[in-house]
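To start, the structure itself, in structure tokens.
All of the numbers you see were taken from the coordinates with simple rules; none came from a lab. Here the structure is a predicted model, which is why all the values come from computation and not from measurement. Quick reminder, even Gly has a Cβ in these numbers, built from the backbone with ideal geometry, and neighbours come from all protein chains shown.
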Amino acid sequence: MVSARAAERTDASALRLAAMLLLAGVLVTAGAGFLHPEGADANDHPAIFAVYASSSSWTAVHLAQFVGMLIIIAGLVALYFAIDPSGGPGLWLNRLGLLTAGAALALYGVLQGVDGVALKQAVDAWAGAENGDKAARFAAAETMRWLEWAIRSYQSFVFGLALILFGATVAVVAGRVPRPVGYLMALSGVCYLAQGWVIGTSGFSSRNQLPTLLGIVAVVAWAVWLLVAASRQKPSQSERA
């Protein structure tokens, strides 16, 4: 049974803002990902480093990816205020979700600094090196790549945990947000945990395609559902005042 107090404290305007920010962040991230240079197996370092070195849009693409994640985290912050449990397990789940989302954003900033700047400089140096320096430059670029694996792995773990915590909050409170939205949020979080494990153990292998696809579909599904649910809500008394 949902209490009237819990339902009233779920701010419909904040809920709409959260859903719009989350969808916008997903679109920006997906658009940047579409522009990401490809053309070789990501774990075939000599081949993929040559692709990266020839890219003129590398830094801009990774900056756009960071902006997309920033918008997504802003959406989770808006969701935190929209749910706003007054007490019980939901209160602490919501707070932990907010803290974890902040940590995920910080890790993502470090990730894009390593991937978008350090790795690019390393592969450029390797591509332009004389034959005698090629091996050392390649080793430096590969070290940057492995550092990227490490940070992306842990960022995926932390971001996945944030989604699970917010999903659990929605499932526990279930005010104006339908409880199945929380289940979908938690499912998308599990997909990110799987991504973190795959990247941490085998890099950017084909094994990551399924959890990545499922995670994207789940995030889009619950964000759209959240927007539809928020659009159907009548303003609370505090919003009308």
Length gain on complete extension for the stretch residue 130 to residue 41, per 0.36 nm per residue less the alpha carbon to alpha carbon distance?
29.5 nm
What list of ³J(HN,Hα) couplings, whole Hz, do you get for the stretch 133-141 from phi and the Karplus terms 6.51, -1.76, 1.60, once you set θ to phi - 60° and write x for glycine and proline?
9, 4, 5, 5, 5, 5, 4, 5, 5
Just to be sure I understand: with springs between alpha-carbon atoms less than 10 Å apart, which residue in 22, 35, 79 has the highest mean-square fluctuation in the Gaussian network model of the chain?
35
Nitroxide proxy distance, nm - points 7 Å out along Cα→Cβ at residue 150 and residue 179
4.4 nm
Quick check for you: which residues of the stretch 73-91 have the amide N under 17 Å from the point 7 Å beyond the Cα of residue 106 toward its beta carbon?
73-74, 77
Dipole of the stretch 8-230, Cα-centred, from +1 at each Lys and Arg C-beta and -1 at each Asp and Glu C-beta, to the nearest 20 debye?
560 debye
Rg to Rh quotient for the stretch 60-99, alpha carbon positions, Kirkwood Rh:
1.18
Diffusion coefficient in µm²/s returned for the stretch 120-241 by Stokes-Einstein, Kirkwood Rh over C-alpha pairs, 10 °C and 1.306 mPa s, is 93 µm²/s
For the chain (alpha-carbon point model, no solvent) the Debye-based log₁₀ I(q)/I(0) at q = 0.14 Å⁻¹ works out to -0.86
